[in-house]
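Student: Take this structure, written in structure tokens, and hold onto it; I'll ask about it next.
The values are calculated or read from the model by the stated rules, or taken from the named source; none is laboratory data. These numbers come from a predicted model, not from an experiment. Cβ: placed from backbone, ideal geometry, glycine included. Neighbour counts: every protein chain shown.
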Amino acid sequence: MAPIGSLHSVVFDCPEPHTLAEFYRSILGGTIDAEGDTWVNLIIDGLSTKLAFQQSPNFVAPVWPSDDGDQQAHLDVQVADLDAAHHELQTLGAEHLESHDTFRVYLDPVGHPFCTVS
């Protein structure tokens, strides 16, 4: 069966799109392409899919972990060294939640969960 389409972008709701795009650019690299104050794209070299950040004035962050399963969605970011990435992420403003043998869980500056994986 042929696909109907291809993944264009992964969009994050947030209060300040430019700020959150810069946070993820610091982790993943890439180029920021703003479409005004309410929508910002992060174009990552070598990927056809981009991350996008959409202003949501009434944004409510998901809860990790949540008893109702309302994690929404999260990114897994592969890193060469969990400890080195941990230090850099905290410098950028990520909040560390929990550590496991092969991954660690963080919140971005507005509360979206993401993981580093080795």
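Student: Would you pick out the residues in region 1-26 that are surrounded by 11 or more Cβ atoms within 10 Å (Cβ to Cβ) and among the polar types (S, T, N, Q)?
Tutor: Across region 1-26, the qualifying residues are SER9, THR19, SER26.
Student: Of the residues that make up region 27-41, is at least one in contact with a helix residue (DSSP H, G or I) (Cβ under 9 Å, 6 or more places away or on another chain), buried (at least 17 other Cβ atoms within 10 Å of the Cβ), at positive phi and at pLDDT 95 or above?
Tutor: So far as region 27-41 goes, yes, one or more of its residues are in contact with a helix residue (DSSP H, G or I) (Cβ under 9 Å, 6 or more places away or on another chain), buried (at least 17 other Cβ atoms within 10 Å of the Cβ), at positive phi and at pLDDT 95 or above.
Student: Right, next: Considering only region 33-65, state which residues are among the hydrophobic types (A, V, I, L, M, F, W, C) and under 26 Å from ARG104 (Cα atoms).
Tutor: Of everything in region 33-65, those that are among the hydrophobic types (A, V, I, L, M, F, W, C) and under 26 Å from ARG104 (Cα atoms) turn out to be LEU42, ILE43, ILE44, LEU47, LEU51, ALA52, PHE53, PHE59, VAL60, ALA61, VAL63, TRP64.
Student: Test of understanding: among ASP70, ASP76, ASP81, which residue is modelled with pLDDT under 95 and closer than 22 Å to PRO17 by Cα?
Tutor: ASP76
Residues checked against (1) in a helix (DSSP H, G or I); (2) without any contact (Cβ under 8 Å) to a residue 40 or more places away in the chain; (3) outside the structural domain of GLY5 (by TED's automatic domain parsing); (4) over 30 Å from GLY5 (Cα atoms):
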{"site": "LEU42", "(1), (2), (3), (4)": "no, yes, no, no"}
{"site": "GLN54", "(1), (2), (3), (4)": "no, no, no, no"}
{"site": "ALA84", "(1), (2), (3), (4)": "yes, yes, yes, yes"}
{"site": "GLU98", "(1), (2), (3), (4)": "no, yes, yes, yes"}
